[in-house]
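Taking it in order: structure first as structure tokens, then the write-up.
Laboratory data are not the source of any read-out in this text; all were calculated from the coordinates shown. In this text the structure is predicted, and so the values were computed from the model without any measurement. Cβ: placed from backbone, ideal geometry, glycine included. Neighbour counts: every protein chain shown.
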Amino acid sequence: MTTLTKFELKPLPYAYDALEPFIDKLTMEIHYSKHHKAYYDNFMNAIKGTEMESMGIEDIFRKISKYPMAVRNNSGGYFNHTFYWENMKAHGGGMPTGKLSEAIAKTFSSFEEFKKQFSEVGKTRFGSGWAWLCLDEKGNLFICSTPNQDNPLMDIAEKKGTPLLAIDVWEHAYYLKYQNKRADYIDAFWNVVNWEEVAKRYENALKSLGKK
Ligand code: MN
């Protein structure tokens, strides 16, 4: 087994049309098979023959400021997209349950207020980037956004944390269906959120904080 096989281009966890009508089939097909694949291929090329081939992705992110821009952009593009696909599903949406639901209500005063704040951060990210719900090292939730393909695990992030939920707000994520109306895409996103996956990430993030 070569070390490269640990970075795999995972299949999309559902069909291209699974998120219709909220995210259309053609957008998903191009986004996954062209954009995501290109980030993956370019990431593999950028780390070929370097120490990064034998490192975990989070270790690469922790030292990202030391590596070439091609690694920063493409490792982020590779990781962020996999993360985003997996926090969506057909017939998703609704509300989180259990501990995550309590933590969101406690941090943001209500689920509706959380949605409002997260949406606003996505809508106001200038240019291309991402909005995130994260857990900080003290176990508190926070919302942030990152430019380009950066993410909150990178050492250059304004505020670092463990990501729990992501939305891609690059134009390629919504332009075919929503054109310039990013806000409509973000509103639609709430109908496809996979809250079970987000809750699982939250539990895991809490557990690994406990181990530190
Ligand atoms: Mn994208």
Rg/Rg_globular for the range 61-212, with Rg_globular taken as 2.2 N^0.38 Å and Rg from C-alpha atoms: 1.01
Listed residue pairs exceeding 31 Å between alpha carbons, taken from Lys10/Lys159; Lys48/Lys200; Lys115/Lys138: Lys48/Lys200
Long-range amide H partners of Leu165 with built H, under 5 Å: Leu133
Label-point separation in nm, Asn45 to Glu203, each point 7 Å along Cα→Cβ: 4.1 nm
Residue-wise HN-Hα coupling along the range 125-134, computed from phi with Karplus coefficients 6.51, -1.76, 1.60 (Hz; x: Gly, Pro): 4, 6, x, 9, x, 9, 10, 9, 9, 9
Trypsin sites (Lys or Arg not before Pro) within the range 73-159, DSSP loop, no more than 11 other Cβ atoms inside 10 Å: Lys138
Restricting the range 88-197 to chymotrypsin sites (Phe, Trp or Tyr not before Pro) in coil, as DSSP defines it, with at most 10 other Cβ within 10 Å: Phe126
FRET efficiency for Glu120 and Asp24, using Cβ-Cβ distance with R0 set to 22 Å, rounded to 0.05: 0.35
Built amide H within the under 5 Å cut-off of Trp170, gap 5+: Gly129
Whole-percent pair-distance distribution, where bins are 10 Å wide, for the alpha carbons of the range 1-51: 22, 42, 23, 11, 1
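Using only DSSP helix segments of four residues or longer, with each worth -39500 (n - 2.57), what per-residue ellipticity at 222 nm results for the chain after dividing by its residue count and rounding to 500?
Dividing the helical sum by the residues of the chain leaves -13500 deg cm²/dmol.
Would you please give the FRET efficiency between Asp184 and Lys10, computed as 1/(1 + (r/R0)^6) with r the Cβ-Cβ distance and R0 = 41 Å, to the nearest 0.05? List each step's numbers first, then the result.
Values: r = 28 Å, r/R0 = 0.69.
Computed FRET efficiency for Asp184 and Lys10 comes out at 0.90.
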Cleavage-rule hits (trypsin sites (Lys or Arg not before Pro)) in the range 1-80: DSSP loop, at most 16 neighbouring Cβ within 10 angstrom: Lys48, Lys63
